[in-house]
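Every number in this text was worked out from the coordinates using simple rules, so none of it is lab data. Please read all numbers here as calculations on a predicted model, not as lab measurements. Quick reminder, even Gly has a Cβ in these numbers, built from the backbone with ideal geometry, and neighbours come from all protein chains shown.
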Amino acid sequence: MAEERTFHIGPIRPPSEAASLLLQVTRGCTWNRCRFCNLYRDTHFKAYSADEVKRDIDVIAAYAEEIREFCHDSRWDLDGLNLRLGALADGNARQCFYMVAQWLLNGGENVFLQDGNTTALSSGRLSDVLIYLKKTFPQIRRITSYGRAEELSRHDAEYYAELKAAGLDRIHSGFETGSDRVLEMIHKGTTAGHEITAGKNIRAGGIELSVYFMPGIGGRELSRDNAEGTARVLNEVDPDFLRIRTAAVKPGTELYEDFRKGWSSLCSDDEKIREIRRVIELAKGVSTRLVSDHMVNLLQDVEGSLGSAADRKRMLGRIDQYLELEEVDRRVFQLLRRTLRAYDLDDLQQIPQEQMEQIRQAVSRDSDKRWNEKINEYISRYI
Ligand code: SF4
């Protein structure tokens, strides 16, 4: 029995890995200097040895064995599971038990290797862990991890082919932008060239690539660059997924101080939406799926395949439907969306006219600058 035993769990995972088992292979980030991110500022990077990770896998396996006893004829005894969870005295052990239970209740098929940059490890060391993980849990169907573009670009296609053979299926990478000017401004420590080399090698090695784009991260001054540079990288790499993460300049980060000092001006929601529109327009001949899987995105239903004419038309149509609203109604939608009172544009029709008028009056009071600051404050709460 695994009572009171624990394994390492890191702070973040992509939203698409919400139902995945989290297995910490490294801790922190090898770079740790992006001006918009302070997630690991107080964490020293550590690569766990293969033996340490295998020990964690053994603890997970012991919990899994115990948890499976609460399943009879494909039905889970949730009351029994809750009682068992509550009986664990140690908070960390409860967190571990809960995660393994959630994972198994969701099918127990996907695993995400944490933290910020797992591919800092050699292919041999990472493969050792992957093989042990798949041997322990033969039902696993997908294993994914984060990687930083500059470090990813140091590996050739053979490195990725070896990891693919050992069980790694997808790499998520925060490209954020394909503009060298924006990359320099946010101190990402990478270039568009790194992104292209990394992307091509990952795909040649047979691993799926999921990259992130941050509309608005370059501020108003670099808004055009941000979109056009990103489209250029996209056209070179043709990643499997382009995930939209609308920029939120979070208080406490260096980038927030840059904006506060006036080194750059915050983009409005409209400018960020126009960046997405420009990327879709310029993405040519790629089969990438554009995904909007985060609350920070204003138009979360703008999703589809960039390789499909029908999807492109639908996505651009939805963006234009928003941009063609009166300015005051665009602000109303921004506010309702950021306060969880609307999911998409159609929800505007559900607001009674009288209430709509009151909101219109309320949102009209702020200057553009103050309004953009307010929206930034709202979305910063979601990251
Ligand atoms: S590479 Fe990722 S985790 Fe590391 S500092 Fe930059 S954004 Fe944060």
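Kindly indicate whether Phe36 is within 12 Å of the ligand (Cβ to nearest atom), in a loop (DSSP other than H, G, I, E, B) and either farther than 23 Å from Ile217 by Cβ or aromatic (Phe, Trp, Tyr) (or both). So Phe36 fits the description; yes. Look at (1) outside any loop (DSSP other than H, G, I, E, B); (2) farther than 15 Å from Thr118 by Cα and you find that Val53 fails only one, number (2). Among the residues of region 69-101, none is identified as in contact with a helix residue (DSSP H, G or I) (Cβ under 7 Å, 6 or more places away or on another chain) and loosely packed, with under 13 Cβ neighbours inside 10 Å. Each residue in region 39-62 was checked for being without any contact (Cβ under 8 Å) to a residue 24 or more places away in the chain and near the ligand (Cβ under 9 Å from one of its atoms), and 1 pass. Given the condition of a type in the set (S, T, N, Q), crowded, with 19+ Cβ neighbours inside 10 Å, under 21 Å from the mean Cα position of the chain (by Cα) and under 30 Å from Thr253 (Cβ atoms), answer yes or no: does some residue in region 102-112 qualify? Scanning region 102-112, I find no residue that is of a type in the set (S, T, N, Q), crowded, with 19+ Cβ neighbours inside 10 Å, under 21 Å from the mean Cα position of the chain (by Cα) and under 30 Å from Thr253 (Cβ atoms), so the answer is no. Within the span defined as region 147-169, every residue fails to be surrounded by 15 or more Cβ atoms within 10 Å (Cβ to Cβ), under 17 Å from Phe7 (Cβ atoms), of a type in the set (Ser, Thr, Tyr) and touching a residue at least 12 places away in the same chain (Cβ under 8 Å).
Going by the structure shown, is Thr190 in a loop (DSSP other than H, G, I, E, B), of a type in the set (Val, Ile, Thr) and either under 23 Å from Ser380 (Cα atoms) or in contact with a Gly (Cβ under 9 Å, 6 or more places away or on another chain) (or both)?
no
In the list Thr119, Thr30, which residue meets the criterion of being part of a helix (DSSP H, G or I) and within 16 Å of the ligand (Cβ to nearest atom)? Selected residue: Thr119, the only one of Thr119, Thr30 that is part of a helix (DSSP H, G or I) and within 16 Å of the ligand (Cβ to nearest atom). In region 2-27, the residue that is surrounded by the fewest Cβ atoms within 10 Å (Cβ to Cβ) out of those that are more than 21 Å from Leu209 (Cα to Cα) and within 12 Å of the ligand (Cβ to nearest atom) is Pro11.
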